[in-house]
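In what follows, a structure is listed as structure tokens, so that the remarks can point back to it.
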Amino acid sequence: MEITPQTRIGWIGTGVMGASMCGHLMDRGHPAVVYNRTRAKAQPLLDRGAAWADSPRAVASRCEVVFTMVGFPADVREVYVGDNGVLAGLPGEDRGNLLPLRILVDMTTTQPSLAREIASAARQRGAAALDAPVSGGDVGARNATLSIMVGGDRQAFEAVRPLLEAMGKNVVYQGGAGSGQHTKMCNQIVIAGTMIGVCESLLYGHRAGLNLEMMLASIGGGAANCWTLTNLAPRILKRNFDPGFFVVHFIKDMGIALDEARRMNLPLPGLALVHQLYLAVQAQGHGRKGTHALMLALEQMSGTSIQAGA
């Protein structure tokens, strides 16, 4: 399959990140068909010329490449194998003149086993499925600077590489089906560790009486520099906990990683600790805030706040 500017793409899931990612493909001239459970969230794309479909099945029946960016493994399963799912929209002998759907790309972070299941089911229907989770949050999605880690059929990956490169600056093929998801678990394990480090450093600096902006200017130029420190620590200082990536989704990701680790008989005590702290964030009512809302739980535990005068 050769990608051309006329290749029609389908996009399912137009949330915080999905809308921007689909928009980049439209910027390249690709006609788009979109679906989201809440149509209002797709309206900016519709205003730009995208067509609406009333189900994932309808998207699949009209497009050559379909991307999905939803929330949880249960959502992925429903989107792909439900009665009105993507796989049901694949052309068959009795489906008239529907377009031949060839490549499915799930960009949700989900279970490696589910990615393999979808790849197998797609293959039986003459299509190829890739698992291509991303890292970079809302900023990376808006700026087309995502890191995209891809598992699945190598030829399918090479075919859609131009589309992936329209959304990310670091697109790496990891191996067979499920490899992209395993790589994303490695990414989330690192993020869990750096997030608690950034939050605890801010608490320590506050208690020590430091100017936190000056402190960040110093350590951000040394070995402590990382994406979380650069992008999320300033949001914490401004008390802006709007989501680039939801707490509830990060809890889901850490849970998947811990389940996979148990399956491999691999202890991950650091990840287990951070997972428990994020459950506390959720219990405090902050599940729909960004992952840097970990600070709110740590502040409550320490009896302090980095807010001025607190």
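State whether the stretch 5-162 is rounded, prolate or oblate according to the following rule on the C-alpha gyration tensor (a ≥ b ≥ c being the square roots of its eigenvalues): a/c under 1.5 gives rounded; otherwise a/b larger than b/c gives prolate, and the remaining case gives oblate. Rounded is the answer for the stretch 5-162, as its axis ratio a/c remains below 1.5. Near Asp242, once Lys and Arg are set to +1 and Asp and Glu to -1 for all other residues with Cβ below 12 Å from its Cβ, the sum equals +4.
Charge dipole (Cα centre; +1 on Lys/Arg Cβ, -1 on Asp/Glu Cβ; no other charges) of the chain amounts to roughly 240 debye. About its Cα centre, the stretch 9-177 has a charge dipole of approximately 160 debye under the convention of +1 per Lys or Arg Cβ and -1 per Asp or Glu Cβ, with nothing else charged. Which helices pass in the chain if a helix is a full DSSP H run, must span at least 15 angstrom along its long axis by Cα, and must have mean Kyte-Doolittle hydropathy not below 1.0? Flagged H segments are 269-283.
Our helix-only sum for the chain, with -39,500 (n - 2.57) per DSSP H run of n ≥ 4 divided by its residues, gives a mean residue ellipticity at 222 nm of -15000 deg cm²/dmol. Summary value for the stretch 1-57: 35 percent relative contact order, contacts being C-alpha pairs under 8 angstrom separated by 6+ residues.
Using Cα pairs under 8 angstrom and six or more residues apart, how large is the relative contact order of the chain, in percent?
On the way: 546 pairs, mean separation 41.5, N = 310.
Contact order relative to length: 13 percent.
Values quoted throughout were computed directly from the atomic coordinates according to the rules given, and no laboratory measurement underlies them. Keep in mind that this is a model prediction, so the values were computed, not measured. Cβ: placed from backbone, ideal geometry, glycine included. Neighbour counts: every protein chain shown.
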